[in-house]
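Inspection log for the structure reproduced underneath, given as structure tokens.
Computed from the coordinates by the stated procedures, all read-outs in this text should not be read as laboratory data. The structure displayed is predicted, hence computed values, not measured ones. Neighbour counts are summed over all protein chains in view; Cβ atoms, including those assigned to glycine, are modelled from backbone coordinates with ideal geometry.
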Amino acid sequence: MSKMTSIKMKKMIEDRIARPEFRTSYNRDKDTFRIEWQDTGQGMTITLPNVIAKYNERGEAAVDDLEEHVLEALRIMHETHELSGMEKQIYPVIRATSFPTETNAGTKLVYKEHTAETRVFYALDLGKSYRLIDEPMLEQEGWSYGWIDEIASFNVRSLANDYKKDTVAENDFYFVAKQDGYDASRILNEAFLEEMLANAKGELAVAVPHQDVLIFADIQNKAGYDILAQMTMKFFAEGRIPITSLPFIYEDKTLEPVFILAKNRPEKK
């Protein structure tokens, strides 16, 4: 089998996902390949060496997976909703399942279940602060739970997803910390999760130890789990609004909380 190169891999991906509505570009310096919607310019960038590493290990199946994640991320990005009034200021916020579901005055807050460790609440952003949305506010607007969730999900997808990268013991860690109040909320941006998964060499783990950070870990060896566990614990202890010290494995569009046992493969919760 001849050696897989970035040019060959680029061609392979291009052949699979070429659509008249997409535009593609190759960045030789960064060794990346970008696919985006012609009309909006929204899209995702693929790190070719990571895909080649997976291809050398798993063959065609690695490219099948990539194709699926790329098309899914692009599909999600292209969904639109008409928003009016205050809707642009509504965002989802992640909280621990121990977080109260009603205000001190006994008013029920609007929330939905997320994982065994987390729930999603909804916030009306008021600039310097925000207030959590309660049921009377919904009733006043005549909105359903589904509608507010749709609006909030749409808004979280419009936030910038820049991250800092750190490599420890051959595992790659990505930190999103924009300090805009919605760092952890970005775990609800499915297109972002699919993009990170498409670019991961190993298993993708995600952590939201507190509100102001989202951690992705591209776990490539056993040490990666221990490092992630220590990191998540440290962030959890230091956070202003702690959420959960348990990381999640992201696969098949679901987040599974994992207990990390020192020096071992994690146990699914």
Have a look at G142, P92, V110 and report the one farthest towards the positive end of the charge dipole of segment 87-158, computed about the Cα centre with Cβ charges (Lys/Arg +1, Asp/Glu -1). P92
How tilted is helix 6-17 with respect to the longest principal axis of the chain? Cα atoms for both, answer in degrees (0 to 90, nearest 10). 60 degrees
From the Cα trace of segment 189-236, what convex hull volume per residue do you get, rounded to a whole Å³? 55 Å³
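Based on the Cβ-Cβ distance from K128 to H78, what FRET efficiency comes out when R0 is 51 Å, to the nearest 0.05? Show your work: numbers first, answer last.
On the way: r = 33 Å, r/R0 = 0.65.
So the FRET efficiency works out to roughly 0.95.
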Segment M86-A53, extension gain: residue separation times 0.36 nm, minus the distance between their alpha carbons: 7.3 nm
Treating the angle as unsigned and between 0 and 90°, give the value, to the nearest 10°, between the Cα long axis of helix 145-157 and the longest Cα principal axis of the chain. 50 degrees
Rounded to one decimal in nm, the spacing of the 7 Å Cα→Cβ label points at R28 and E150 is 4.7 nm
Cα axis of helix 222-238 to longest principal axis of the chain: angle in degrees, 0 to 90, nearest 10? 30 degrees
Note to self, the chain gives a 222 nm [θ] from helices alone (DSSP H runs n ≥ 4, -39500 (n - 2.57) apiece, / all residues, nearest 500) of -10500 deg cm²/dmol
Past the 12 angstrom mark, what percentage of all C-alpha to C-alpha distances in segment 151-199 do you count? 66 percent
Potential extension, K234-T167 segment - 0.36 nm per residue separation minus Cα distance: 22.4 nm
Say each of I17 and T45 gets a label point 7 Å from the Cα, pointing the same way as Cα to Cβ; how far apart are those two points in nm? 1.4 nm
